[in-house]
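Since the structure comes first, as structure tokens, the remarks are kept for the end.
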Amino acid sequence: MRTMWMALCALARLWPGALGGCAEAGRCCPGRDPACFVRGWRLDRVFGTCFCDQACRLTGDCCFDYARACPARPCSVGEWSPWSACADQCKPTTRVRTRSVQQEPQNGGAPCPPLEERAGCLEYSTPQGQDCGHAFVPAFITTSAFNKERTRPAASPHWATRTEDAGYCMEFKTESLTPHCALENRPLTRWMQYLREGYTVCVDCQPPAMNSVSLRCSGDGLDSDGNQTLHWQAIGNPRCQGTWKKVRRVDQCSCPAVHSFIFI
């Protein structure tokens with residue numbers, strides 16, 4: 001019987017139509033599909049009805065060429081594009097990056113992941129180059145990981161002719177926050193889940209968020225006495241916001257990564 005089966009396999013390679021199978025029928029079906037069958041040799045060496053759906057692997061009645069003709073192929077995507085510019089100037093908005101599908105999923109392969117991601121951003125100058133950072137009263141923050149991605153174009157013409165200030169770090173104690181922060185689960189806004197009431201957080205002030213004249217970030221609370229309640233808002237989800245009080249200004253931030261943010 002084994003010799004006969006080997007001969008049949010050799011015949012299939014030389015003359016595929018002699019045995020019948022998924023390739024000959026041009027059928028490969030995802031999931032369980034009782035209508036996805038042909039007449040031919042099965043993997044259990046029985047000639048008759050053989051199937052080309054994924055369930056045949058469990059029932060053992062696949063056509064002899066199922067593994068070769070119907071492999072599951074997952075979706076394949078390309079690299080992320082560079083981040084776009086902010087959608088608007090002088091107000092909290094979003095930036096976007098995209099990637100394209102290189103290979104659609106086949107035969108029940110893994111579906112394509114998201115092809116677009118959005119993140120919060122804020123531009124500090126008008127299209128005419130005028131500084132507008134002073135217009136923001138609450139502190140707009142994002143994760144400190146954003147600092148690794150962004151380039152630092154000049155926030156105003158002054159930055160091109162002077163040495164950039166080293167910046168500074170503000171420590172705050174969170175007082176309150178909306179429940180929307182804990183509900184965030186998107187990849188680029190998941191950092192909001194780690195905001196907690198009563199925790200000390202560090203917020204870094206660096207260009208371009210730093211005003212080129214005052215060398216301060218909007219909403220830094222530097223002038224408050226420590227008892228004043230200050231407001232903040234998370235970029236990327238305007239419903240994630242809250243209050244905090246100033247603790248102190250330091251040269252370098254030293255909070256844990258999940259409690260480290262930047263003014264934006």
Next item on the list: Answer yes or no: is there a residue in the stretch 252-260 that is β-branched (V, I, T), open to solvent by less than 70 Å² (accessible area, probe 1.4 Å) and either under 27 Å from the mean Cα position of the chain (by Cα) or under 14 Å from P138 (Cα atoms) (or both).
Entry: yes
Notebook entry, point to check: Where residues in the stretch 110-129 are open to solvent by 50 Å² or more (accessible area, probe 1.4 Å) and not in a loop (DSSP other than H, G, I, E, B), which of them is nearest to P238 (Cα to Cα)?
Noted result: R118
Checklist line | Tally of residues being open to solvent by 30 Å² or more (accessible area, probe 1.4 Å) and under 24 Å from P74 (Cβ atoms) across the stretch 42-60 | finding: 6
Next item on the list: Answer with yes or no whether T189 is among the hydroxyl-bearing types (S, T, Y), surrounded by fewer than 19 Cβ atoms within 10 Å (Cβ to Cβ), within 22 Å of L122 (Cβ to Cβ) and not assigned by the TED database to the domain that holds R97.
Entry: no
Item checked: Those strands (runs of 3 or more DSSP E) lying entirely in the stretch 1-109 with at least 2 residues farther than 30 Å from L122 by Cα and at pLDDT 85 or above -> 37-41, 47-51, 101-103
Next item on the list: May I ask you to list the residues in the stretch 26-41 that are open to solvent by less than 60 Å² (accessible area, probe 1.4 Å) and within 12 Å of C62 (Cβ to Cβ)?
Entry: C28, C29, C36, V38, G40, W41
Check: Can you name the residue in the stretch 64-86 that is within 30 Å of Q130 (Cβ to Cβ) and in contact (Cβ under 8 Å) with a residue 24 or more places away in the chain and is also surrounded by the fewest Cβ atoms within 10 Å (Cβ to Cβ) among such residues?
Finding: A85
Margin query: Given (1) touching a Phe, Trp or Tyr at 6+ places or on another chain (Cβ under 9 Å); (2) crowded, with 19+ Cβ neighbours inside 10 Å, identify the lone condition not met by C240.
Written below: (1)
Checklist line | Residues being without any contact (Cβ under 8 Å) to a residue 60 or more places away in the chain, in a strand (DSSP E or B) and either in the same structural domain as R95 (by the TED database) or surrounded by fewer than 22 Cβ atoms within 10 Å (Cβ to Cβ) (or both) - total across the stretch 202-237 | finding: 1
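The values are calculated or read from the model by the stated rules, or taken from the named source; none is laboratory data. Since the model is a prediction, treat every value here as computed from it, not as a measurement. Cβ coordinates were reconstructed from backbone atoms using ideal geometry, including for glycine residues, and neighbour counts include every protein chain displayed. What goes into the accessible areas is simple: the full protein's heavy atoms, side chains included, and nothing from ligands, DNA or RNA. Shrake-Rupley method; radii C 1.70, N 1.55, O 1.52, S 1.80 Å.
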